[in-house]
Every structure is written in structure tokens, then in C-alpha cells.
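Working notes, beginning with the structure itself.
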Amino acid sequence: MIQLVLTFCLAASGNTCMTVRPPFEQGYPSLISCMAAAEVIAADMLRDRLDLQGYRLARWRCGPAGPPGTSL
């Protein structure tokens, strides 16, 4: 399965960033389905999550899903 990984950085300081893996238990069946969902999920997270206030989407990627807590 494929996993979406988003990197958000503070708008005022591009040096302060956080990586977020939105929960999606089943994963994405293909890179195309992950890529199609990425911008919508990122926009929803920026709108809805208080811990992301003042952040902007710096980058995103889709890759093979690993065990929880691992990096791509």
C-alpha cells in the first residue's frame, strides 16, 4: 500500500517544519490515488487542525507504507 506524507513549515520561518502522516488505515492502492488526494487532505488539515495554524504546506510525497513510526 501507499502512504501520504505531508511536510508543513511555519509561514514566518521556513526552518521550523513538521512531518504529518494523515491516518488512512487501508493506505492508498496506487500512487495516482495518493497524489489525487494529497492537496485536498493538506488543505483540510490546514483549515481544521489548530496545531497547524501559521503553517504552510512545504512538500508532500507518496511512497510505500511502512510500519507506524517509520520514515519513507
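The values are calculated or read from the model by the stated rules, or taken from the named source; none is laboratory data. Everything quoted here is computed from the prediction, not taken from an experiment. Heads up, the Cβs are rebuilt from the backbone with ideal geometry, glycines too, and the neighbour counts pull from every protein chain shown.
List of remarks:
- Each residue in the range 1-12 was checked for being under 16 Å from residue 51 (Cβ atoms) and over 9 Å from the mean Cα position of the chain (by Cα), and 4 of them qualify.
- Residue that is surrounded by the most Cβ atoms within 10 Å (Cβ to Cβ), among those in the range 20-50 that are under 17 Å from residue 10 (Cβ atoms) and in contact (Cβ under 8 Å) with a residue 24 or more places away in the chain: 42
- Condition broken by residue 59, with the remaining ones in (1) part of a strand (DSSP E or B); (2) surrounded by 13 or more Cβ atoms within 10 Å (Cβ to Cβ); (3) at pLDDT 90 or above satisfied: (2)
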